[in-house]
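The values are calculated or read from the model by the stated rules, or taken from the named source; none is laboratory data. Treat the numbers as computed from the prediction; the structure is a model and nothing was measured. Glycine gets a Cβ as well: all are built from the backbone with ideal geometry, and neighbour counts include every protein chain shown.
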Amino acid sequence: MSLSPSDSSTRQVLIVGAGLTGLTTAFRLKCAGIDVGILETADRVGGQIHSFHRDGFIYESGPNTGALSHPEVAELFDALAPACPLVTARPEAKSRWIWKGDRFHALPSSLFAGLTTPLFSLVDKLRLLGEPFRRRGTDPDETVGALTVRRLGRSFLRNAVDPFLSGVYAGDPMRLVTRFALPRLYALEQTYGSFIRGALKKARQPKTERERRATKQVFAAEGGMERLIETLTDRVGRDRIVLEAKHPRLTPPTTPEGLWRIDFDHAGRPATLTAQHVVTTCPAYALPELLPFADVEAVQAIASLTYAPIVQAAVCLDDTAGRDFAAFGGLVPSAETQPVLGILFPSSCFAGRAPQDGAVFSVFMGGVHHPELLDLGDEAVADIIDDVLHRMLRLPAEIKPVRLDIFRHRRAIPQYEASTERRLAAVAALEAAHPGLTLAGNLRDGIGMADRIRQGTAVAQRLVETLV
Ligand SMILES: Cc1cc2nc3c(=O)[nH]c(=O)nc-3n(C[C@H](O)[C@H](O)[C@H](O)COP(=O)(O)OP(=O)(O)OC[C@H]3O[C@@H](n4cnc5c(N)ncnc54)[C@H](O)[C@@H]3O)c2cc1C
């Protein structure tokens, strides 16, 4: 049975949004024999994931790499084999650089490097010896910044945690709440009383075979992240996805065994679909229009989620003057007042991203500290890139990009700040008040691709238990 916007066919599950979350959910449901459809407002699938193949370079406008941090990621790639090979980053990508003063320094990865690095103060290095004995935090809403200062010291916040959070959240450590933004770090302190003791104990704990599939490795799909999207789309079935479904509005069933109705505009005409269950995976700000029936205060508590803006520039070089940039990339602490948040080196992580002797860099700007950079014109961004290449990366002046593509994401990364508890309570209240409705997507359960895959898998599992 095909899903056509012009008929009123009914699906067991209708998913709103064809990004990674929606497609993972749909794929897992389809594998379990559930009749699933997807409604997508854009003219393409993939949401924030978009890869480009130009002039021998492969680059991304959104995520370049993910972390294999949940077993569901490796399991998804297994299920899609051989159509979508998983690639893990070369070993040199373990090296991360942090900007301090007038250059990048490698983030220490050994005890000796930790003692000699200029990134952390002598006082904080000595204080680290006392970390296992420091008292456990008691404020559940403590920010990542406050937690870092309390346990590790200011220089660790300034030169490790702040740039790390710039890289992941484009956010502010003094606003991101640890238990929501970095739940594993929060659990480490709460469970073991110390990061160091917790990390040592966890390393000694036996792991199941499945748990061992979650690692710290950096992954991508061979040929770019969009290959994952394309493969998921093929497996779900393109005829199951309605693109350019404009202004979708949901209406709940009027009887317990009744159907959800979704009205939308398609090719200039009104269209309607029905489903037993609806899963939303669109961003929080899309919900007020999508859920016109719902309690306004609850929807507002979700829709008020802040998204950090990001400008991402893909910089393609055909010559790097012999420099190999053997690292994952370089991050910039916000206190350094540089024009960028960081620079990733995807062609150092993965083979085939640039022609021989060339490189692709992904340069990030903006974030919560500098939303105004979203409004810079292309020339101003090109000037920043020129400065990045020659002053920050110290490439010879004659080296210029052979391609420069600028992508502006006005609402890129959700910020799990103090409002999160209220938002999650509103999600739970709406789901309880409206059986058959699941509110998923990056408004909860994590912002990275691994989190999205894990959430999509979990949502599908719960629905299969209900529907089969
Ligand atoms: C610049 C950038 C860099 C990133 N870097 C990384 C990284 O390095 N590593 C990492 O792990 N993650 C990274 N991420 C995050 C990662 O891209 C996301 O976690 C993931 O792609 C989100 O998938 P999603 O399906 O939840 O949301 P989305 O990709 O946003 O998909 C939601 C979909 O819903 C659609 N939609 C919206 N409104 C409606 C509506 N009313 N009706 C129907 N459809 C609707 C949208 O068009 C979209 O297709 C990055 C994100 C950005 C923007």
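Structure data summary
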quantity: Ile34 being at pLDDT 95 or above and more than 16 Å from Leu439 (Cα to Cα); calculated: yes
quantity: Test: residue in region 49-63 that is at pLDDT below 95 and touching a strand residue (DSSP E or B) at 6+ places or on another chain (Cβ under 7 Å); calculated: no
quantity: Flag for Leu39 being closer than 26 Å to Ala245 by Cβ and surrounded by 14 or more Cβ atoms within 10 Å (Cβ to Cβ); calculated: yes
quantity: Residues within region 18-59 that are of a type in the set (D, E, K, R) and either without any contact (Cβ under 8 Å) to a residue 40 or more places away in the chain or more than 20 Å from Pro283 (Cα to Cα) (or both), tallied; calculated: 5
quantity: Lone unmet requirement of (1) closer than 16 Å to Leu39 by Cβ; (2) within 14 Å of the ligand (Cβ to nearest atom); (3) crowded, with 20+ Cβ neighbours inside 10 Å for Ile229; calculated: (1)
quantity: Every pair of residues 6+ apart whose Cβ atoms lie under 6 Å, when the first sits in region 108-130 and is of a type in the set (Lys, Arg) while the second is surrounded by 12 or more Cβ atoms within 10 Å (Cβ to Cβ); calculated: Arg127/Gly153
quantity: Test set (1) among the β-branched types (Val, Ile, Thr); (2) without any contact (Cβ under 8 Å) to a residue 24 or more places away in the chain; (3) in contact with a Pro (Cβ under 7 Å, 6 or more places away or on another chain) - Val315 fails condition number; calculated: (2)
quantity: Residues of region 245-289 that turn out to be assigned to a strand (DSSP E or B), of a type in the set (Ser, Thr, Tyr) and within 15 Å of the ligand (Cβ to nearest atom), as a count; calculated: 3
quantity: Unique match (being within 21 Å of Glu60 (Cβ to Cβ) and more than 16 Å from the ligand (Cβ to nearest atom)) among Leu393, Leu374; calculated: Leu393
quantity: Every pair of residues 6+ apart whose Cβ atoms lie under 6 Å, when the first sits in region 213-228 and is in contact (Cβ under 8 Å) with a residue 24 or more places away in the chain while the second is assigned to a helix (DSSP H, G or I); calculated: Arg213/Pro71; Arg213/Ala74; Ala214/Pro71; Val218/Ala93; Ala221/Arg227; Ala221/Leu228
quantity: Positions within region 425-445 being in contact (Cβ under 8 Å) with a residue 60 or more places away in the chain, within 19 Å of the chain's Cα centre (by Cα) and not in a strand (DSSP E or B), in sequence order; calculated: Ala440, Gly441, Asn442, Leu443
quantity: Residue match in region 210-226 (condition: surrounded by 20 or more Cβ atoms within 10 Å (Cβ to Cβ), in contact with a Leu (Cβ under 7 Å, 6 or more places away or on another chain) and at pLDDT 95 or above); calculated: yes
quantity: Residue check for Val427: of a type in the set (Val, Ile, Thr), buried (at least 17 other Cβ atoms within 10 Å of the Cβ) and in the same structural domain as Cys282 (by TED's automatic domain parsing); calculated: yes
quantity: Residue that is at pLDDT below 95 and either over 30 Å from Leu86 (Cα atoms) or touching a strand residue (DSSP E or B) at 6+ places or on another chain (Cβ under 8 Å) (or both), where the choices are Thr274, Thr320, Thr337, Thr306; calculated: Thr337
quantity: Selection within region 290-322 - near the ligand (Cβ under 10 Å from one of its atoms) and under 30 Å from Phe57 (Cα atoms); calculated: Tyr307, Ala308, Pro309, Ile310, Val311, Gln312
